[in-house]
Every structure is written in structure tokens, then in C-alpha cells.
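I have placed the structure first, in the form of C-alpha cells, so that the comments after it can refer back to it.
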Amino acid sequence: MVKEVSVSYGRDEDNDFYSNDDLYNINSWGADLSFREIISQYAEGDILKPQLQRHYVWDKSEASRFIDSILMGLPVPSVFFAKTPDEKMLIIDGYQRIMTVYDFVRGIFSGDSKTFALTNSDKINKRWRGKSFLELSDIEQRKIKNTTIHCIIFIQTAPKDNDTSMYQIFERINTSGRTLMPQEIRNCVYFGKLNEALFEMNENSAWRTLFGSEVADSRMRDMELILRYFAIKDIFENKAEIRIKQISLKKYLNEYMQKLQSSDATTIEGMKIEFYEVMSIILNKVGENAFRNLSDGHSASSGTGRSAGIAKFSNRFNAPIFDSMSIAIHSLRQQKSLSEELGRSRIELLLNPEYQDLIRTRTTHVDRIADRVNLAIKILDN
């Protein structure tokens, strides 16, 4: 059974909902495309599957029923595409339907990578029960390929330098059967080199130990935390340039990921090296519970004027502790000021009442982000 890691956030982050106040000019139109056209464009990479798309979730029975409906001539629900600046189309809603027909025509079922034949079920018309695409008649094959599906296509025409409306569209329109988490949507919308790098960084062994699970989180919360590290570091380093004091972290992560969506290979490689080195230092010098807060029943003894001894830690991964401690250690690493007593200093940091307040309340206030990182640097600097 896969271990599910519980993650705690600041109080203001738990209710971080925003409706984008930017004025977007979004155009949409309808187009009827045949499955022949859609399959061809998907195969050529002109229609894109967002990297998330929870892989393929329909079972063989559901997929067979959909093919059966097409052969019977029943209407097919509309799909939603978003047109990208490079003239491609991103699937917002309808991936399961598109992939089912694509799989059936090519003959391989994505669910198990085996030959795709319709199920031998009384729910399937007996004329094509148990048949693959190639076993259908020429007329039936043409019927599937020639069936049209109504496509609603969106494009953002303004503003040119900010396409975060795509996040809003995906969040509100996607009907995949479950509410998608923010990073799942970002993974769909801001696909590119940074997104690929987040997948790679998420597999790092030190990070997996620190996060608390060998297996990647099914809702991509671990990937969001990696993105959070870089985004919070960006706020900390460029605080003077941020005009507002209270941010929506969800919105800021959207904008940060969009900004770095097409970063050059050197930038991306530098980010990966930095993250790997920081996580390695923390695991080796602080330990696998580095990003856990002290539990309510912790105990600590004092030695040489510094809190030391034995402490009990919460089982929950704490996001504000993670970003402030990681950024602080990155800063000390750059200054070549890493103490051999990081484990003891970390306890002292967690026992500090000011720090506890900074990681619990108003954690997305720009000044308090800087305060919690600076306090972590000060105490961890021994």
C-alpha cells in the first residue's frame, strides 16, 4: 500500500482561492472535426495531451461502450481545446474519449498495452462484440473515422505576456470526474522544460526520503513543493520589486511556472543541481525529519546554552518549514557558512516562538516570507 504523506500549510494557505483580476481577452469558437482528423493531428503532435492527464483511466468496459456508441451513431459529447501560441491545440477536456478512439484504431489499449478488442459483454452490440478495429467491416471502420465531434476551441488574445487564463479555463471546464489539485492543472497548462525538470527533481532519492515516501504523490503535492521552493526563493531574493504585500501563493506559483516555462537548458540544469545539493545537505546534516515541526509533546534539554537533546516530531510535512529552511541552507551554502551543528540549530529554530508564529500565520505575506527565511538563516548560521 502506498504511503500517503500529510502536508501542513500556513493558515492563510489552506483557503487560498483566487479569481484572476487580470483583464483577459479570450476568444472561443466551435469546429466539427472527424475522428480521422483528430487521430492524425494527435499522432503528429499538433493536438497535445497535457502531461498530467492522469494517464488513461477508463477500463476496457468503459472504452468498449464508447466505441459501441459511435458505431450505433449516438451523439458524442463536445471536447475542449486551447490553442497555443505555436498553433497547436492542448486538450482541456475530452482526453479519455479521444484516446479511446485513437487506441482502438491503432489496436493497442493504453490501459494495459494489450490488443484492443471490444469486450464480450451483453452491453456491447453483438455485431461487433469481441472484435478489434481490423475485424470490423470497411463500412464500420469508416464510420468510426468519419464520425465528427464538436470541438470548442479557446485562445487568449490579450494580454500577450500573461497566459495564466489557461489555468482558470482548465480549472473551471475540466470534467475529468474529480477536482484537480493546483499542480495537476499547472502540469497540464504549463508543460515545457521546467515541468519536465520538476518530474526529474521529484525522483531525487534525498528529496523522496525528506518528503517521506518513496513513491511520487498521486496528486503532485510533492512536485508543487519543489516549485514552491524556487518560487518562494524568488520572492525572498526580489522582495523589493514585488508591489503587493499579500500574495495568493496559488496565483504566484502559476505565474512563476509560466514565466519559466521555456527556460533555457542551462537555467534548468542549474536549478536541478541546486535542488539536489540542498536536499543532500539537509538529509545528511539534519536528518529525514528535517521538514517536520515539533510535536505538541516534544521534550528538549539544554546544553551549552543551546537547545539540544531529544525532540519528538510531527508526522506531517510542513511546507513553510520546508521553504524557509531550504532557502536558508541554500544561502549559507553560497556563503560557505554551513555549520556542522545544523541538527542542533534546527531544534533551536523550531523552539523559537517568533519562528513558530511565522510558519503558522500570514505565511503568504511578502514581509513575513522574508522574515521567516532571515530568521532561519540567523539561527542556522549557529
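The values are calculated or read from the model by the stated rules, or taken from the named source; none is laboratory data. Bear in mind that the values here come from a model prediction, so they are computed numbers and not experimental data. Methodologically, a virtual Cβ is constructed for each residue, glycine included, from the backbone with ideal geometry; neighbour enumeration extends over all protein chains shown.
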Which of the residues that make up the stretch 260-282 are over 22 Å from S331 (Cβ atoms) and surrounded by fewer than 16 Cβ atoms within 10 Å (Cβ to Cβ)? S262, D264, A265
Under 8 Å between Cβ atoms, at least 6 apart or on separate chains: pull out the pairs that start in the stretch 22-35 with a residue that is aromatic (F, W, Y) and end on any residue that is at pLDDT 90 or above and in a loop (DSSP other than H, G, I, E, B). F35/T147
Tell me yes or no: at least one residue of the stretch 136-151 is out of contact with any His (no Cβ under 8 Å at 6 or more places or on another chain), in a loop (DSSP other than H, G, I, E, B) and of a type outside the set (S, T, Y). yes
Somewhere in the stretch 259-266, is a residue assigned to a helix (DSSP H, G or I) and within 29 Å of D12 (Cα to Cα)? yes
